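This report concerns only the one structure given below.
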Amino acid sequence: MKVALVTGASSGIGAAIAIAFAEAGWSVMAAGRNEGRLEEVADVSDSISTWAGDLEASDDCDELIADTVDEFGGLDCLVNAAGVLIRGIAEETSDDDWGETIGINLDVPFYLSRAAIPHLIKSEGSIVNIASNWGLKAGERAVAYCASKGGLIMMTRAMAVDHAAEGVRINAICPGGVDTPMLVAETEEKGEDVDEFLDDVASNSPNRRIAAPEDIAGLALFLASDAASHMTGTAIPIDGGLMA
């Protein structure tokens, strides 16, 4: 049975990915900060184990990779789905906001990928990074987020080139708006009506709907599968045609 490690798995895209992999027959380590919500995800399938904790330093990331390999005997796919969005133009972005955004969205995926690569070489496995279409084009009042996701896309490409000959594939998914708790919370913090905001996002998409976390999970599962064996170094928009 193949083994996947999914970060940010306590809610939203990460939770949907962990469940999708488990339903497809994978053993899954679901990692995140909220232990209670992780247990709810694990209740969906006996194939899901949980790891609750913060991933702030490289030692934390090394520990998570080691714990996953110790529990399951190996690693076939790392999905870096944990992320944070802190709004603001440059003058509104504090050092702490910048550091938290770059730390969670870029540093942690790097630390985890670095620790995972030796195991993925053995399994000829893959990494799937959850980036954003705002890593491909700019969004308003999101300078730190755009920088972090743009960096994640370039990191994906560079690592893909470095490790392609070793059989490791590394790809990025670039969602547009997705109906997740993070998006809802951000909308509420701005004092906007959530339903109206989600309707606006859908109306701006050529297919006239907002993505569900399960849409992103389906693409992540495909990229980890043998069907995508010749795909590496890609950054794939999944936004209902918005980038087009």
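Please treat every number below as a calculation from the coordinates, not as lab data. On a predicted model such as this, the values are computed, not experimentally measured, just so you know. Here Cβ is always computed from backbone atoms with ideal geometry, including for glycine, and neighbour counts include all displayed protein chains.
Before moving on, here are some points about what is shown:
- Cα gyration tensor shape of the chain, rounded if a/c is under 1.5, else prolate or oblate by comparing a/b with b/c: rounded
- Cα-based helix-to-principal-axis angle, 143-163 vs the chain, degrees rounded to 10: 30 degrees
- Karplus-derived HN-Hα couplings along the stretch 204-218 (A = 6.51, B = -1.76, C = 1.60, θ = phi - 60°), whole Hz, x at Gly and Pro: 7, 8, x, 8, 6, 8, 9, 5, 9, x, 5, 4, 5, 4, x
- Dipole of the chain, positive end: most advanced residue of 29, 150, 15 [Cβ charges, Cα centre]: 150
- To the nearest ten degrees, helix 58-72 and the longest principal axis of the Cα atoms of the chain are 50 degrees apart.
- The local environment of residue 236, defined by Cβ-Cβ distances under 14 Å, has a net charge of +1 under the rule Lys, Arg +1 and Asp, Glu -1.
- Cβ-defined net charge surrounding residue 132, 10 Å radius [Lys, Arg +1; Asp, Glu -1]: +1
- Paramagnetic label zone (point 7 Å from Cα along Cα-to-C-beta, residue 24; backbone N under 15 Å) in the stretch 60-88: 76-81
- Annotation for residue 209 and residue 154: the two label points, set 7 Å from Cα along the Cα-Cβ direction, are 3.6 nm apart.
- Model label points for residue 161 and residue 192, set 7 angstrom from Cα along the Cα-to-Cβ axis, are 3.7 nm apart.
- Helix 108-123 and the long axis of the chain differ in direction by around 30°, with both axes built from C-alpha atoms.
- Label-point separation, residue 91 to residue 123 (7 Å along Cα→Cβ), nm: 4.9 nm
- Inter-centroid distance (Cα atoms) of the stretch 1-61 relative to the stretch 114-180, Å: 18 Å
- Magnitude of the charge dipole, the chain, Cβ model with Lys/Arg +1 and Asp/Glu -1, debye to 20: 1160 debye
- Debye-sum result for the stretch 107-213 in log10 I(q)/I(0), which assumes one identical scatterer on each alpha carbon, at q = 0.11, 0.23 Å⁻¹: -0.45, -1.20
- Per-residue packing, averaged as other Cβ atoms within 10 Å, sorts the ranges 189-199, 16-26 into the order 16-26, 189-199, beginning with the highest.
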